[in-house]
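The values are calculated or read from the model by the stated rules, or taken from the named source; none is laboratory data. Owing to the predicted nature of the structure, the values given are computational and were not obtained by experimental measurement. With ideal geometry, Cβ positions are generated from the backbone for all residues, glycine too; neighbour counts draw on all protein chains shown.
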Amino acid sequence: MDITIFGSGYVGLVTATCFADAGNDVVCVDVDAQRVETLRRGECPFYEPGLAELVKINHAEGRLRFTTDAAEGVKHGQFQFIAVGTPPGEDGSADLKYVLQVANTIGQHMTEHRVIITKSTVPVGTCDKVRAQLASALAARNAEIEFDVVSNPEFLKEGAAIADFTRPDRIVIGVDSDRAEKLMRALYEPFNHNHDRLISMDVRSSELTKYAANALLATKISFMNELANLSEKVGADIENVRIGIGSDPRIGYHFIYAGCGYGGSCFPKDVKALVHTAQQAGIKPSILSAVEEVNERQKTVLFSRINAHFGGNLKGKTIAVWGLSFKPKTDDIREATSRVLMEALWDAGAIVKAYDPVAMHEIQKVYGDRADLKLCDSAEQAVDGADALTIVTEWKQFRSPNFARIAKLLKQPVIFDGRNLYDPELMQRMGFTYVSIGRQPITTEA
Ligand code: UDX
């Protein structure tokens, strides 16, 4: 099938590549000429396991092409995906400028039936706006051409995007015609033929489903983070509580890990946007507001603990930070807790020695060269000569480090663990002062 994808960001590029890999003929349109050049060389502009290889192969075999020419894109695919950004505005609402610009472009150039699919996470009612924009662009040139507008939210997780796309838990489509449903079924057939995972519903429910999913996941995390803070105060261990409650299938083990807060391009933005939608609809978003508030607070927990440990004086102290991306297996640092921590450390006059397996260049892009940030080549180099080690992201390679060496390299054996990677008893035996989340701190005399 012929498919056009507007936007070759995270969702757009994964979608395009996976459709191309299933044998479809895919054209990606992006306004960023530099990004298009990178992709035309068969290179991937960001890190996602397995994606670079698939981009290269499908591009080389001619099933995946990249262009800045929107008219060419409109001409190409019967299926036109809109996967451009919806950045949050000042008030937290999603900015639909780019989505509606694409709708307008499609309306200006289409000459035969098109299915326009919103893949970007967009507020309820956006498909109606897309439809109106298309209708007005067609009316402006006196064209009468049929089209369908479909909501098809994306549920893929960074770090596991290809598997999530090609073996989805569910494919949600919001449609308002049989024709659109049939076409969407045919399009997703390669990823849906063993077991029907396609859930078809009305457009507005589909739009809300995406926000509901992300907001509920974020709620689970904030709930556990609140309970973690309580556990510390009442002498409990959140890890035991987690195992105790997760065994109930109604609760489940997933997404109940306490930590130093959630980040990324989705949860923070989507919770804010849903708060805004609720307020606009005249509903007080009590739970959603609390989820956000708890997370903002949780992102400051590591700093508070480090600061308290050093008696409120971090001037001239060197803190090693392991893990900068918002989660493992990605170089994405959007809304990452590492940034909140590093910025607070700098404000307090501390020096940061940072290490991440893949996100170093992203941090460099955001913060540039500064005297109080040392980007290190290895995890051990980061701890060398530091006053304490802080773990922000649970990359696999941080799970079983050489503790004896770390104790030697640090000025004092102190670890602040934002992801509960280590066994407190082991830390005690190894002579570390070990502060984690929702557990009792281990304090050892220096
Ligand atoms: C999320 C949704 O999972 C995905 O379905 C949607 O399409 C996009 O948003 P993603 O942003 O890639 O995906 O990250 P995810 O794996 O969900 O993690 C989000 C954040 O929550 C991370 O910062 C992670 O560290 C944190 N987290 C996750 C916890 O703190 N505890 C947990 O138990 C799980």
Among Glu43, Glu90, Glu112, Glu48, which is the only one that is part of a loop (DSSP other than H, G, I, E, B) and closer than 16 Å to Val149 by Cα?
Glu112
Among the residues of region 166-176 satisfying the criterion of being closer than 17 Å to Ile116 by Cβ and not small (Gly, Ala, Ser), which is farthest from the ligand (Cβ to nearest atom)?
Asp176
For region 220-242, enumerate the residues that are crowded, with 19+ Cβ neighbours inside 10 Å, near the ligand (Cβ under 10 Å from one of its atoms) and either among the charged types (D, E, K, R) or over 28 Å from the mean Cα position of the chain (by Cα) (or both).
Arg242
Within region 125-146, is there a residue that is among the β-branched types (Val, Ile, Thr) and within 22 Å of Gly92 (Cα to Cα)?
yes
Filter region 273-318 down to residues that are farther than 30 Å from Gln412 by Cβ and not in a helix (DSSP H, G or I) and give me whichever is nearest to the ligand (Cβ to nearest atom).
Pro285
Would region 262-272 turn up any residue that is near the ligand (Cβ under 7 Å from one of its atoms), modelled with pLDDT of 95 or more and among the hydroxyl-bearing types (Ser, Thr, Tyr)?
yes
Does Glu207 satisfy the criteria of being surrounded by 15 or more Cβ atoms within 10 Å (Cβ to Cβ), in a loop (DSSP other than H, G, I, E, B) and among the charged types (D, E, K, R)?
no
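Tell me the residue from Leu216, Leu156 that is within 14 Å of the ligand (Cβ to nearest atom), modelled with pLDDT of 95 or more and within 24 Å of the chain's Cα centre (by Cα), please.
Only one candidate qualifies: Leu216.
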Can you pull out the residues in region 220-259 that are in a helix (DSSP H, G or I) and either touching a Leu at 6+ places or on another chain (Cβ under 8 Å) or basic (Lys, Arg) (or both)?
Lys220, Lys233, Ile238, Val241, Arg242
Within region 352-446, which helices (runs of 4 or more DSSP H) (wholly inside it) include 2 or more residues that are of a type in the set (Lys, Arg)?
403-409
Which pairs turn up if I take residues in region 14-43 that are within 15 Å of Lys56 (Cβ to Cβ) and look for partners that are among the β-branched types (Val, Ile, Thr) and assigned to a strand (DSSP E or B) with beta carbon separation below 7 Å, at least 6 apart in sequence or on another chain?
Ala16/Ile5; Ala16/Val26; Ala20/Val26; Val26/Ile3; Val26/Ile5; Cys28/Ile5
Could you say which residue among Ala137, Ala132, Ala163, Ala103 is part of a helix (DSSP H, G or I) and within 15 Å of the ligand (Cβ to nearest atom)?
Ala163
Selection status of Val124, of a type outside the set (Gly, Ala, Ser), within 19 Å of Leu274 (Cα to Cα) and touching a Leu at 6+ places or on another chain (Cβ under 8 Å):
yes
List, please: which pairs have Cβ atoms under 9 Å, are six or more places apart or on different chains, and start with a residue in region 52-70 that is on the phi < 0 side of the Ramachandran plot and β-branched (Val, Ile, Thr) and end with one that is part of a strand (DSSP E or B) and loosely packed, with under 15 Cβ neighbours inside 10 Å?
none
